[in-house]
Amino acid sequence: MNYQQALETAKKNGERVVPTVCGMCGPGGPGGGCGIYAFVRDGKFVKVAGMDESPVNQGAICAKGHAAPQWVYSPDRLTHPLRRIGRKGEGRFERITWDVAIAQIAETLKAQKASYGPESLAILSPARRSYSEYIVRFLTAHGSPNFGHSGICAMQRAFAFMYTIGTWPQPDYQRSDLIILWGRQPIFSGPVARPAKSFLAARQRGAKIIAIKPSVEPDVGMADLWLPIRPGTDTALALAMLHVVIAEDLLDHAFIDRWCSGFDPLKTHIRQYPPAWAETITGLPASQIESVARMYATTRRAAIDLGNGVEHTPSSNDAIRAVAILMAITGHLDRPGTDLFVPPAAKSPKPITLKERVTQEMVDKLVGPEFPRAFQPLSKARLRPIIASWKAC
Ligand code: SF4
């Protein structure tokens, strides 16, 4: 709804309307955080509605956003500090005041800082959520540069794509004629702006959808083809698809000649992974693997949207690297309708990370400066001297 409609709705119900941003994903979260109208009655937050004016979600919000009042008032929500009084895992805690909690944490942090240096404090947390910048601010004030992603999702994709093609490409839902959802759940998972809305819009305008995942989910119901792959066998599927496109010469030779290195060794290496080999591993018929590989390679505007499902498996790094190679040798990279090189999501307009306090000494103590930019707090310019010193070695 728009602001006028929100005001009218609020008036009718004796409520007050507060235009704001959903705190679940952003600001600074994936997609930037959805614009919402929060309705307040007698001082209590009662419901939300999507904000039409927001460029991020254009009026739509996801199930998590709709449930915001439930989590704000959930009886299970932790609203005060607790201190463990039993053994670890015993589940026994006592309630303490904020002053006591802060004093105890501060004392421990000071002792750690004195013994091991400020950089010995590292915080791992999902990247780019509404609270991320506050964590970075706290770490910077403490003197540590070591904020990193907790690595339960997205890291594998970011690393594997970075190592293989130098960036993490994003599927161009708006212009694609074929979208392969690979371990991706676009309806319930991820910010509402993308992929749910983009997926539904692509479906409506007639884009073909292929869903690769073990379980039946809403997107499978809307897909043209479902590949119920055995969990954790994505690498075998990707290798067999590479085998098909190379054996049948469904390649973008101009792209390979200009941008790819190592293609000749790949041609030899991939011979050992035909679709019949992958069938026994993935549980997918070889003929289906062949036809999906052909469809992807021969559809000029084809994109692959890899999801968390591919990452949460032991061989995810190899799977993602193989998919990246598939995108490259078929020329499905950074062209309209394929997977695009795009800048990272917008950051909060008013940075609160105290970046002016970051010194070169702190930068030098960063653990894992090779982390993809989206997952650590320092800018490219800050990291340049470290990378240069590596190159000099
Ligand atoms: S995608 Fe859902 S949870 Fe995330 S900001 Fe939008 S409404 Fe909130």
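The values are calculated or read from the model by the stated rules, or taken from the named source; none is laboratory data. Nothing here was measured: the structure is a model prediction, and the numbers come from that model. In this analysis, Cβ positions are derived from the backbone assuming ideal geometry, glycine residues included, and neighbour counts consider all displayed protein chains.
Structure data summary
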read-out: Within region 1-108, strands (runs of 3 or more DSSP E) holding 1 or more residues that are near the ligand (Cβ under 9 Å from one of its atoms) and either at pLDDT 95 or above or over 28 Å from S189 (Cα atoms) (or both); value: 44-50
read-out: When residues of region 84-140 are limited to those that are in contact with a helix residue (DSSP H, G or I) (Cβ under 8 Å, 6 or more places away or on another chain) and among the charged types (D, E, K, R), the one surrounded by the fewest Cβ atoms within 10 Å (Cβ to Cβ); value: K113
read-out: Test for V292: is it buried (at least 20 other Cβ atoms within 10 Å of the Cβ), touching a Phe, Trp or Tyr at 6+ places or on another chain (Cβ under 7 Å) and either assigned to a helix (DSSP H, G or I) or of a type in the set (D, E) (or both); value: no
read-out: Residue match in region 307-317 (condition: modelled with pLDDT of 95 or more and not in a loop (DSSP other than H, G, I, E, B)); value: no
read-out: Meets criteria (within 31 Å of the chain's Cα centre (by Cα), over 26 Å from N146 (Cα atoms) and acidic (D, E)) for D52; value: yes
read-out: Tally, over region 41-55, of residues that are within 15 Å of K11 (Cα to Cα) and of a type in the set (D, E); value: 1
read-out: Matching entry among V323, V367 (being part of a helix (DSSP H, G or I) and either at pLDDT 85 or above or outside the structural domain of T233 (by TED's automatic domain parsing) (or both)); value: V323
